[in-house]
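Read the structure below first, then the notes.
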């Protein structure tokens, strides 16, 4: 669906997304109705449908916004190490709990959400590109691909557990744990 970009449309989509964000904190995606969303956003149903086809179209747009925000964070030139990269992601997750819930939300009840899968693919590619630059090689050996998947999927699994546990581990403690495990992966890689 083509998105309108005039000021009024942007304001309406912002109200819809704010209401959607609130509802996602309260219930599962498949339990959110257009009626309760439009009531909360204080708009007419027809207005909603002039912007989105259905709740899943809104969800995809919401996901797209989150992914853009995350890639903006990752493209920060001050993030020069894996640890600074992961710390930035963990800080973002703690500061944006609703958006983080969407990151790990699965609207289709299968494996990972498309947003999470895109994020992991992005991080794996970034990991491999960093190794290519650091090692002055032109192609990533298959073994390094496995390390990249292990590193990224392991860190994401830890983050997902942290979110699902209600952020039970203090942020700084989790950062230290991630740093320690990540250092172990780095040391194993240099031995291999």
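Bear in mind that the values in this text are calculations on the coordinates, not laboratory data. No experiment lies behind these values; they were computed from the predicted model shown. Neighbour counts are summed over all protein chains in view; Cβ atoms, including those assigned to glycine, are modelled from backbone coordinates with ideal geometry.
Structure above, values below:
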quantity: Projected area averaged over orientations for region 7-53, convex hull of C-alpha atoms, nm²; calculated: 3.0
quantity: Nearest-ten-degree value, helix 82-95 long axis tilted from longest Cα axis of the chain; calculated: 30
quantity: Distance (nanometres) between label positions extended 7 Å along Cα→Cβ at residue 150 and residue 33; calculated: 5.1
quantity: FRET efficiency, residue 47 to residue 71 (Cβ-Cβ, R0 30 Å, nearest 0.05); calculated: 0.50
quantity: Rg(Cα)/(2.2 N^0.38 Å) for the chain, N = residue count; calculated: 1.18
quantity: Rel. contact order, % - alpha carbon contacts under 8 angstrom, at least six apart, the chain; calculated: 18
quantity: Expected 222 nm ellipticity per residue - DSSP helices of 4 or more, -39500 (n - 2.57), all of the chain, to 500; calculated: -24500 deg cm²/dmol
